[in-house]
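Worksheet: the structure to be examined is printed underneath.
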Amino acid sequence: MNILWIKNLSRAGLIAGTLVFLGILLAVTIDMRFLIITGLGAFGPGFLRELGILRDQDEFARLANYRAGYIASLFAGSTAILIIAFLKAGSVDLEGESLALAIILSILWLVTVFTSLQKFWGIQKAVFRILTVFGTFWLIFILLSHFQEPVSMLMESLVVLPFFLLAWMSRRWPRIAGAVIIVLGIFCFFLFRLYSAASDEKILVNIMVFILFICPLLVTGTALVALKPDEEEIIANKGG
Amino acid sequence: MKVTTDISNALRKYRFLSGELTQQELANKIGVSRQTIVALEKGQYNPSVALALRLAAFFKVNVEDLFQLTGEDQ
């Protein structure tokens, strides 16, 4: 058996592999919380590479990683959907394990959508379109659910207005819009009282709301605030 | 319009013309892994413009001498 490939393993790969093995060993013998060590080994290097801290791969290895990640997301996403569908067959509620899986699915989907939009359009255009689509869907929902109560329909429609305003601002004053979006996200976090939960189920619900609503705000806000000058679109000069 | 993305390369030829460099030696000089050179020579991977330019500069040839589009653009 040829074991020469072992010498080609990077130091990061060896450390990651050791952590994965150690984590699993401790998890199945002592406590499942040790799986966090496995998580550090499995996903830590990827995070460090994306942050530009770990530079142990050339372009071919990175391409292979990206391709693997894309295929993994397709398989993991479709598997999670199938499991939820079978676990909750005959029901219309998400709870327990199915809610936990839905959280993973939401993260997968949101990160995929945001990352691909950001890579394809650039941060400003992506944020503009995300906020516009989000606001439009919310508005349609309000119009459909309150069409027999014009006053409450009007009042609730006002809630959507900031999203369109922020979308417009994000093209012209991205950093200011980003800061406002972050503040809005933090405000909503406290408004929805996501920091307190009386039960495990409520914790999962709070996590779900955090991921679907607060996280997109914080991520888009941070992306706009961190926008580099050379990435900025100069809308005012284009007249658009 | 269909644009072909098939690219052939003369990497192997230039590697041997440059003193019969091994794949590992070339990889070390260019700053990539040996596996990248293997994939390039097999045509399994099309390099970035930056890597193509680095390879061309190393062999002191034009990029077109190293990499060529195969087939016809339609």
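Determine if region A:37-56 includes at least one residue that is within 14 Å of chain B (Cβ to nearest Cβ) and in contact (Cβ under 8 Å) with a residue 24 or more places away in the chain. Looking for residues that are within 14 Å of chain B (Cβ to nearest Cβ) and in contact (Cβ under 8 Å) with a residue 24 or more places away in the chain, one finds at least one in region A:37-56, hence yes. Modelled with pLDDT of 90 or more and closer than 14 Å to A:GLN124 by Cβ: does that describe A:GLY221? Yes. Of the listed requirements (1) closer than 24 Å to B:LEU51 by Cα; (2) more than 14 Å from chain B (Cβ to nearest Cβ); (3) of a type outside the set (Gly, Ala, Ser); (4) loosely packed, with under 13 Cβ neighbours inside 10 Å, A:TYR66 misses just one: (2). Inspect region A:93-100 for any residue being under 18 Å from the mean Cα position of the chain (by Cα) and touching a residue at least 60 places away in the same chain (Cβ under 8 Å) and give the result as yes or no. Yes, there is a match, as at least one residue in region A:93-100 is under 18 Å from the mean Cα position of the chain (by Cα) and touching a residue at least 60 places away in the same chain (Cβ under 8 Å).
Condition first: away from chain A (no Cβ under 14 Å), surrounded by 18 or more Cβ atoms within 10 Å (Cβ to Cβ) and under 19 Å from B:GLU64 (Cα atoms). Now tell me which residues in region B:10-41 satisfy that. Passing the criteria: B:TYR14, B:ARG15. For region A:175-191, give me each residue that is surrounded by 15 or more Cβ atoms within 10 Å (Cβ to Cβ) and among the aromatic types (Phe, Trp, Tyr). Matches in region A:175-191: A:PHE189 only. Residues of region A:3-49 that are modelled with pLDDT under 90 and either within 26 Å of B:GLY31 (Cβ to Cβ) or under 26 Å from the mean Cα position of the chain (by Cα) (or both): A:LEU4, A:TRP5, A:ILE6, A:LYS7, A:ASN8, A:LEU9, A:SER10, A:ARG11, A:ALA12, A:GLY13. Looking only at residues in region B:42-56 that are within 14 Å of chain A (Cβ to nearest Cβ) and part of a helix (DSSP H, G or I), which one is surrounded by the most Cβ atoms within 10 Å (Cβ to Cβ)? Result: B:LEU55. For region A:84-127, the set of residues classified as surrounded by 14 or more Cβ atoms within 10 Å (Cβ to Cβ) and part of a loop (DSSP other than H, G, I, E, B) consists of A:LYS88, A:LEU94, A:GLU95, A:GLY122, listed by residue number. For region A:57-80, the set of residues classified as over 16 Å from the mean Cα position of the chain (by Cα) and either in contact (Cβ under 8 Å) with a residue 12 or more places away in the chain or part of a loop (DSSP other than H, G, I, E, B) (or both) consists of A:GLN57, A:ASP58, A:ARG62, A:ASN65, A:ALA80, listed by residue number.
The values are calculated or read from the model by the stated rules, or taken from the named source; none is laboratory data. Note that the structure is predicted; figures quoted are calculated from it, not measured. In this analysis, Cβ positions are derived from the backbone assuming ideal geometry, glycine residues included, and neighbour counts consider all displayed protein chains.
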